[in-house]
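The values are calculated or read from the model by the stated rules, or taken from the named source; none is laboratory data. Quick caveat: nothing in here was measured; it's all calculated off a predicted structure. No Cβ is skipped: glycine too gets one built from the backbone with ideal geometry, and neighbour counts run over all protein chains shown.
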Amino acid sequence: MSIRFFIRKIFRALLTICLIVTFIFVALRLSGDSALLIFGPDADSESLEILREAWGLNKPIWQQYVIYISNVFHGDLGKSYLDGRDAVEVVAERIPKTLSLMWVTAAVTLLIGIPAGIQSALHHNTKRDRVTMTLAVMGLSIPNFFLGVLLILLFSVTWRVLPSAGSDSWKHYIMPVITMATAEAAVFARFTRSAMLEILNQPYIRTAIAKGVPWKKVVREHALPNAAIPIVTIAGFFIGSLIVGGVITENVFAWPGVGRLLVTAVANRDLAVVQVTILLIAVSMVTANLIVDIAYGWLDPRVRDLRSEEL
Amino acid sequence: MNEKLTESVIKSQRAPLLQISDLTIDFNTPTGWIRCLHGVGFEVYPGEILGLVGESGCGKSITSMAVMKLLDPRARIGGNVRYKNQDLLTLDENGLTKMRGRDIAMIFQDPVSSLNPVHTIGRQVVESIIYNSAIPFLNNKVMGKKKTEMVKKHQRVTVQAARIEAERLLNRVGIPETKQCLKQYPHELSGGMNQRVMIAMALAGRPQLLIADEPTTALDVTIQAQILELIRSLRNEMEMSIILITHDLSVVAETCDSMAVMYCGLIIEKGTVEGIFADPHHPYTRGLLASLPRIDRQIDMLLPVEGSVPAPHEMPRGCAFEPRCNVALNVCKIRQPAPTTESHGRSISCFNPQYGGFQV
């Protein structure tokens, strides 16, 4: 793969992030007068004026934008209106908790979803396939917030075996991970199944069988590497839905992560924190898609060539 | 000509390499089982190139797929397929894996999509050599933990040997830059080159029978001639038999020793290529040959075979060709004609075969 391909991809990712930064600026200004939002409608005009002066809200909009952009690039994203700490710091201390939940969820999703999909495809139209796919549709149909509450009701309230809130022990992971991984694993199972089915019908699979390669090796060495290409493509969406699912799940289980912070910050009108959180989510999505793009070219030699020709 | 005649003489003295008799194939469809092959029988003799000819959908490809057991496992196969007195239809998965590539190899119509797009040519050819050649490979089951190191070393050596063999094979099938080619991916090569790679992979196990399923249909005419020439020369060099499946009679005339004409899941005429081209007996074969442009005769108009092939679920009770036949008798509507054998291995399934006077 060519170096130019990388540079171009990275450049595009940076451009996307710049657009998102601008979008956040515009969206937050459109949401009304920040000073009024913080102090409420009853505030006296003198306090409002002091606040506007302090946050630079009384400058012309283009000047505010230039200051904002230069601050962003200096890593200064403002202070939390609530406790005056650096917004970046407030968000950063929540990241490890969110990440640890995401890793576990991603591992469970992939370890269940992909093998289930492969098995379904290999035993296409049998009982095993139908049972797996019925379960997948069920898993897909249950909304996150409902499953979470249902689990709390059963395991915490009725049977009292699992903690309903917090993140202190491995027991705390069980319900949030089930809540998030159910729908994700279902998506992966269905997608893997259809990808595998399509690949297994390709002429090169027939060639591999005809040249005397044992079936297990045909699956492992010929079908799976090809099926991996479409599966990696949805991994980009997967990261996105993990983040979105995380916001809901963290709130249901009072998980002290970024998702929960986002909701509290929105409720408290802590604009700087909201801004940092959104930027963080955007950057991780863009990065995930960049990685998917690069992995795609690495897995499929045809794409690799196509892309270097395109440049 | 001479070569072909001696072939047919040798043929009568030797035992067939592959003997197919009464082969039937049924597919399960939502409306029930549909029979696509109605009892096909033919023999392939050592060193012979047999052309299996017919329109698309007549069952030539599924016949060859049944021999290799490559059909959907839900298809029902009946009859007998004997390869050197071994019944291929009763082989278990293990036996099939051993047979495929080593005894019988196969090449396909579209070489580009028949090669795995994410593996290099080298990897695919080496794989074929590893699974089929005489180079000793340690079975995974033998691997004890202590021996692993030794086995790894051994495998490296054998993979190296397989690489050298792969280069030799690619060289043999006429690929110029073999070292370069081993590193390339199928999409980087032309169709003709890919078909050469397919042939090289098929040769890896030194099979005694090669099934070529329309190997040149997807290629342009000059490449087609080169590939056919390659196949012919390989037959002579490696003394293997070939089943060449095609719908192109000119390919048969150029390449094959004997031929079998299929129509609607049945073989309606078989014999030597000269025999059938000089004097086709079955009205369908006559029609096919009459629709060919000839360089040796002045023809004003090409004659098509009128009508179309009946669908598998509405096959007539009698002879399948009866509705399109211009010499049909009353009996043709009622019963299917059984194959009758004549001299030189010629056989016809027809109640009213035509003799002599074949002139377009």
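Have a look at A:ASP86, A:ASP33, A:ASP42 and point out the one that is over 19 Å from the mean Cα position of the chain (by Cα) and modelled with pLDDT of 85 or more.
On the way: A:ASP33 fails: modelled with pLDDT of 85 or more; A:ASP42 fails: modelled with pLDDT of 85 or more.
Being over 19 Å from the mean Cα position of the chain (by Cα) and modelled with pLDDT of 85 or more holds for just one of A:ASP86, A:ASP33, A:ASP42, which is A:ASP86.
Give the residue that is nearest to B:LEU18 (Cα to Cα), with candidates limited to residues of segment B:69-122 that are among the polar types (S, T, N, Q) and part of a loop (DSSP other than H, G, I, E, B). Spell out the reasoning first.
To start, the set of residues in segment B:69-122 that are among the polar types (S, T, N, Q) comprises B:80, B:85-86, B:90, B:94, B:97, B:109, B:113-114, B:116, B:120.
Now restrict to residues that are part of a loop (DSSP other than H, G, I, E, B): B:85, B:109, B:113-114, B:116, B:120.
Details: B:ASN85: 8, B:GLN109: 22, B:SER113: 28, B:SER114: 25, B:ASN116: 29, B:THR120: 33 Å.
Within segment B:69-122, the match that is nearest to B:LEU18 (Cα to Cα) is B:ASN85.
From the list A:LEU262, A:LEU279, A:LEU271, which residue is modelled with pLDDT under 85 and buried (at least 18 other Cβ atoms within 10 Å of the Cβ)?
On the way: A:LEU262 fails: modelled with pLDDT under 85; A:LEU279 fails: modelled with pLDDT under 85.
When all the criteria are applied, what remains is A:LEU271.
Of a type in the set (Asp, Glu), closer than 30 Å to B:VAL197 by Cα and in contact (Cβ under 8 Å) with a residue 40 or more places away in the chain, is that true of A:ASP300? Give the derivation first.
Numbers: of a type in the set (Asp, Glu): yes; closer than 30 Å to B:VAL197 by Cα: yes; in contact (Cβ under 8 Å) with a residue 40 or more places away in the chain: yes.
For A:ASP300, the condition - of a type in the set (Asp, Glu), closer than 30 Å to B:VAL197 by Cα and in contact (Cβ under 8 Å) with a residue 40 or more places away in the chain - is met.
For segment A:18-96, which fully contained helices (runs of 4 or more DSSP H) count at least 1 residues that are within 18 Å of A:ALA282 (Cβ to Cβ)?
Details: elements: A:34-39, A:45-55, A:61-73, A:87-92.
In segment A:18-96, A:61-73, A:87-92 are the helices (runs of 4 or more DSSP H) which contain 1 or more residues that are within 18 Å of A:ALA282 (Cβ to Cβ).
For segment B:186-283, give me every one of the helices (runs of 4 or more DSSP H) that falls completely inside it and has 2 or more residues that are without any contact (Cβ under 8 Å) to a residue 40 or more places away in the chain and farther than 29 Å from B:PRO316 by Cα. Working first, answer last.
Numbers: elements: B:191-203, B:221-238, B:249-255, B:273-278.
Counting at least 2 such residues, we get B:191-203, B:221-238, B:249-255.
Can you confirm whether segment A:248-257 contains a residue that is within 14 Å of another protein chain (Cβ to nearest Cβ), farther than 28 Å from A:ILE20 by Cα and not in a helix (DSSP H, G or I)?
Step one: of segment A:248-257, the residues within 14 Å of another protein chain (Cβ to nearest Cβ) are none.
No, that holds for no residue.
On the given criteria, is A:ALA288 on the phi > 0 side of the Ramachandran plot, more than 14 Å from every other protein chain (Cβ to nearest Cβ) and either crowded, with 18+ Cβ neighbours inside 10 Å or at pLDDT 90 or above (or both)? If you could, list the steps in order and put the result at the bottom.
Values: on the phi > 0 side of the Ramachandran plot: no; more than 14 Å from every other protein chain (Cβ to nearest Cβ): yes; either crowded, with 18+ Cβ neighbours inside 10 Å or at pLDDT 90 or above (or both): yes.
No; evaluated as a whole, the condition is false for this residue.
Quick one: is B:THR222 more than 14 Å from chain A (Cβ to nearest Cβ), over 14 Å from B:GLU48 (Cα atoms), surrounded by 24 or more Cβ atoms within 10 Å (Cβ to Cβ) and out of contact with any strand residue (DSSP E or B) (no Cβ under 6 Å at 6 or more places or on another chain)? Step through it out loud before you land on a result.
On the way: more than 14 Å from chain A (Cβ to nearest Cβ): yes; over 14 Å from B:GLU48 (Cα atoms): yes; surrounded by 24 or more Cβ atoms within 10 Å (Cβ to Cβ): no; out of contact with any strand residue (DSSP E or B) (no Cβ under 6 Å at 6 or more places or on another chain): yes.
Here the answer is no, as B:THR222 does not meet what is asked.
Filter segment B:73-96 down to the residues that are surrounded by fewer than 20 Cβ atoms within 10 Å (Cβ to Cβ) and in contact with a helix residue (DSSP H, G or I) (Cβ under 9 Å, 6 or more places away or on another chain) and list them by number. Outline the logic, then answer.
Our first condition is that a residue be surrounded by fewer than 20 Cβ atoms within 10 Å (Cβ to Cβ); within segment B:73-96, this holds for B:73-80, B:82, B:84-87, B:89-96.
Across segment B:73-96, the qualifying residues are B:ALA75, B:ILE77, B:GLY78, B:GLY79, B:ASN80, B:ARG82, B:GLN86, B:LEU89, B:LEU91, B:GLU93, B:GLY95, B:LEU96.
Could you check segment A:266-285 and list, in sequence order, the residues that are over 24 Å from A:VAL177 (Cα atoms), of a type in the set (A, V, I, L, M, F, W, C) and either touching a residue at least 12 places away in the same chain (Cβ under 8 Å) or touching a strand residue (DSSP E or B) at 6+ places or on another chain (Cβ under 9 Å) (or both)?
Going residue by residue through segment A:266-285, those that are over 24 Å from A:VAL177 (Cα atoms) are A:266-276, A:279.
From what's left, of a type in the set (A, V, I, L, M, F, W, C): A:266-267, A:271-274, A:276, A:279.
Result: A:LEU271, A:ALA272, A:VAL273, A:VAL274, A:VAL276, A:LEU279.
For (1) buried (at least 24 other Cβ atoms within 10 Å of the Cβ); (2) in contact with a helix residue (DSSP H, G or I) (Cβ under 8 Å, 6 or more places away or on another chain); (3) at positive phi, each residue gets a yes or a no:
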site	(1), (2), (3)
B:ALA166	yes, yes, no
B:PRO176	no, no, no
B:GLN180	no, no, no
B:LYS183	no, yes, no
B:PRO186	yes, yes, no
B:MET193	no, yes, no
B:MET198	yes, yes, no
B:MET201	yes, yes, no
B:ALA212	yes, yes, no
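Residue-by-condition table, conditions (1) basic (Lys, Arg); (2) within 9 Å of chain B (Cβ to nearest Cβ); (3) over 27 Å from the mean Cα position of the chain (by Cα):
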{"site": "A:HIS172", "(1), (2), (3)": "no, no, no"}
{"site": "A:ALA189", "(1), (2), (3)": "no, no, no"}
{"site": "A:ASN201", "(1), (2), (3)": "no, no, yes"}
{"site": "A:GLU221", "(1), (2), (3)": "no, yes, yes"}
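Please determine whether any residue of segment B:206-214 is closer than 15 Å to B:SER128 by Cα and aliphatic (A, V, I, L, M).
First, pick out the residues of segment B:206-214 that are closer than 15 Å to B:SER128 by Cα: B:206-207, B:210.
Applying the additional criterion that residues be aliphatic (A, V, I, L, M) yields B:210.
Looking through segment B:206-214, at least one residue is closer than 15 Å to B:SER128 by Cα and aliphatic (A, V, I, L, M).
Could you tell me which of the residues B:GLY41, B:GLY51 is over 25 Å from A:VAL213 (Cα atoms) and at pLDDT 95 or above? Show your work before the answer.
Values: B:GLY41 fails: at pLDDT 95 or above.
Being over 25 Å from A:VAL213 (Cα atoms) and at pLDDT 95 or above holds for just one of B:GLY41, B:GLY51, which is B:GLY51.
Would you mention how many residues in segment A:188-215 are basic (Lys, Arg), in a helix (DSSP H, G or I) and within 24 Å of B:ILE211 (Cα to Cα)?
Kept after step one, since they are basic (Lys, Arg), are these residues of segment A:188-215: A:190, A:193, A:206, A:211.
Now restrict to residues that are in a helix (DSSP H, G or I): A:190, A:193, A:206.
Subsequent filtering for residues that are within 24 Å of B:ILE211 (Cα to Cα) retains A:206.
Qualifying residue count, segment A:188-215: 1.
Residues in segment B:118-129: is at least one closer than 30 Å to B:GLY32 by Cβ and buried (at least 16 other Cβ atoms within 10 Å of the Cβ)? Spell out how you get there, then give the answer.
Initially, segment B:118-129 is screened for residues closer than 30 Å to B:GLY32 by Cβ, giving none.
The answer is no, given that none of the residues of segment B:118-129 is closer than 30 Å to B:GLY32 by Cβ and buried (at least 16 other Cβ atoms within 10 Å of the Cβ).
What is the number of the single condition among (1) modelled with pLDDT of 85 or more; (2) under 22 Å from B:ILE199 (Cβ atoms) that B:SER133 does not meet?
So B:SER133 meets the others, but not (1).
(1) more than 14 Å from chain B (Cβ to nearest Cβ); (2) under 19 Å from the mean Cα position of the chain (by Cα); (3) of a type outside the set (Lys, Arg): which one isn't true of A:MET196, the others all being true?
(2)
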